[in-house]
Amino acid sequence: MKENSTIKSLDPRITRADIPKDGQLSIDIKPLDQWQTYEVFHQEKKGDHHSHVGSLHAPNPEMAFLMAKEQYARRGRCVNIWVVKTSDIFTTNFEDEDMYTTNDDKMYREAGGYKVMDRINKYKKEHKKKEAVK
Amino acid sequence: MYGGGYIFDESASTELDDAKKLEAFEARIEAGEKIEPSDWMPAEYRKQLIRMIEQHAHSEIIGALPEGTWITRAPGFKRKLALMAKVQDEVGHAQLLYSAAETLGKSREDMINDLISGKSKYSNVFNYPAETWADTAVIAWLIDAGAIINQVANSKGSYGPYCRALERICTEESFHLKYGHDSVVFLATGTPVQRAMVQDALTRWWKPIMHFFGPSDKISVHNTIMMKWKLKMASNDDMRQKFLDMYVPKIWDLGLNIPDPELRKDEATGKWHYTEPDWEEFKRVINGDGPCNRERLAVRKMAEEKGEWVRRALMKQDERYITPLA
Ligand SMILES: [Fe+2]
Ligand SMILES: [Fe+2]
């Protein structure tokens, strides 16, 4: 009986699993079944900033590190990883991005807000004139 | 791999979206900027993106099955290790892509439910069996080659998280391509039995390979808006032409025979001629009636069900789901 009612696969491991041939193909995985998400930050080499590389699902920080290593450090350079629960990150809104723009009325706090050459040149010119008069 | 021949929804209604916001959004895409998860986007853009990235993720995870079949029986320890590493990469690609799709607001649980019920699709080629280890060599070389053409194009698209995931994926694909080519060359330059084995595998896989980039431009749904929004970066036929241009000479180089008497390059136009793939079969198989559809989904379902108690045992009471950030 069993021979005809289960899936026969090219993969003997699947054949041995005795999966019913005409079982219902639907599943109802509930929210959070795959756990919460963590955001991953990695550092390519010592001295660099850590930078965000993506997110993953994990039930705790230990598993998050394991998944982070497999998903974000399988290739290329990495010396250190941070994981942070997505729910613990607070962000500003892109719609408010204008609050970070440097506006012209705050030039007193920019290097470019201080222009001395004009005064120096003017001073030198006048000074030379005075010297010449003497 | 993978992700080729995406199936898009036909309607593209943006009437309800704020016209001014839409204009600014399209101007940003036109200027080559990336759209990020918290940016305003048309509902249709979000819907098509979820659909596309989700299909791509499912293709990676289902694509692991035909190749995974041969891990325990790959010839020699080194090839077992290599195939295992390749298959693990593919499963990792699925993880990266599910995360990218999630930033748009669909949970991973819902994506898995929709995969198993057949509501979401995956690349059609994985509904065909890998009959021998040589089939996995042909898959790793030529299906992954097709995937690279598709993924490199899409990594220049408009949605930030998808592009970044693709860049990471593409660096791993180069190993798959080299590994696959190495295996095919090994068989093709081996004994007559080995040559016959790889020829048979190529003959079996040529049809899925030609199907890989999806229906011909002549019959596929009009996707001007997909191109404008940089969701689709090249037409199906253009990608197929590019693939043929890059790989047919390499296949012929090995003295292997491609089972299409019409296949030749028109030197005047620079375009390849080929027998038009059977798009009726493509539709039939993608809608469930292929040699392995049922097995693929049943195996995926079994894996989810058998792992459930482990996931539940590790779950904490205070867990709370937040859509990933980027
Ligand atoms: Fe992949
Ligand atoms: Fe791959």
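Readers should treat all values here as calculations from the given coordinates under stated rules, not as data from a laboratory. On a predicted model such as this, the values are computed, not experimentally measured, just so you know. Positions of Cβ are generated from backbone atoms using ideal geometry, with glycine treated the same way; all protein chains shown enter the neighbour counts.
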At 20 °C and 1.002 mPa s, the Stokes-Einstein diffusion coefficient in µm²/s for segment B:39-321, with hydrodynamic radius from the Kirkwood sum on alpha carbon pairs, is 107
Quick check: the distance between the Cα centres of segment B:86-102 and segment B:284-326, to the nearest angstrom? 13
Calculated FRET value between B:K34 and A:V133, using beta carbons and R₀ = 56 Å, to 0.05: 0.30
Tell me which GluC sites (Glu not before Pro) from segment B:256-326 have a DSSP coil assignment and no more than 12 other beta carbons within 10 Å of their own. B:E262, B:E267
Averaged over B:91-100, number of beta-carbon atoms from partner chains that fall within 10 Å: 4
Give me the extension gain from B:L314 to B:A153: residue separation times 0.36 nm, minus the current Cα-Cα distance, reported in nm with one decimal. 54.0 nm
Which of A:L56, A:L25, A:L66 moves the most in a Gaussian network model of chain A with Cα springs under 10 Å? A:L25
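Give, in whole angstrom and from largest to smallest, the semi-axes √(5λ) of the equivalent ellipsoid of segment B:87-170, with λ running over the eigenvalues of the Cα gyration tensor.
Result for segment B:87-170: semi-axes of 24, 18, 11 Å.
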So how much slack lies between B:D253 and B:V91, counting 0.36 nm per residue of separation and subtracting their Cα-Cα distance, in nm? 55.1 nm
From the square roots a ≥ b ≥ c of the eigenvalues of the alpha-carbon gyration tensor of segment B:24-136, which class results: rounded (a/c under 1.5), prolate (a/b over b/c), or oblate? prolate
Give the lysines whose C-alpha is closer than 25 Å to that of A:K129, dropping any in the same chain fewer than 8 places away, or say none. A:K115
Give the Kirkwood hydrodynamic radius (Å, one decimal) of segment B:200-316, defined as one over the mean of 1/r across all pairs of different Cα atoms. 17.5
XL table B:K47/B:K106; B:K86/B:K156; A:K45/B:K86; A:K45/A:K69; A:K45/B:K178; B:K47/B:K283; Cα-Cα > 18 Å flagged, in table order, is B:K86/B:K156; A:K45/B:K86; A:K45/B:K178; B:K47/B:K283
Which FRET efficiency value, to the nearest 0.05, do you get for A:K122 and B:E167 by plugging their Cβ-Cβ distance into 1/(1 + (r/R0)^6) with R0 = 45 Å? 0.25
Just the number: Rg to Rh for segment A:32-92, Cα atoms, Kirkwood Rh, two decimals. 0.98
With viscosity set to 1.567 mPa s and temperature to 4 °C, compute the Stokes-Einstein D of chain A, Rh being the Kirkwood radius across alpha carbon pairs; µm²/s, no decimals. 58
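Return the ratio Rg/(2.2 N^0.38 Å) for the protein assembly as shown, where Rg is computed over Cα atoms only.
1.19
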Take the alpha carbon atoms of segment A:40-116, find their center, do the same for segment B:165-190, and report the distance between the two centers in whole angstrom. 33
Qualifying aspartates and glutamates (Cα of each under 17 Å from Cα of A:K85; at least 8 residues distant if same chain): A:D33, A:E39, A:E62, B:E102, B:D318, B:E319
Extending each Cα 7 Å along its Cβ direction at B:D217 and B:D238, get the distance between those two points in nm, one decimal. 0.7
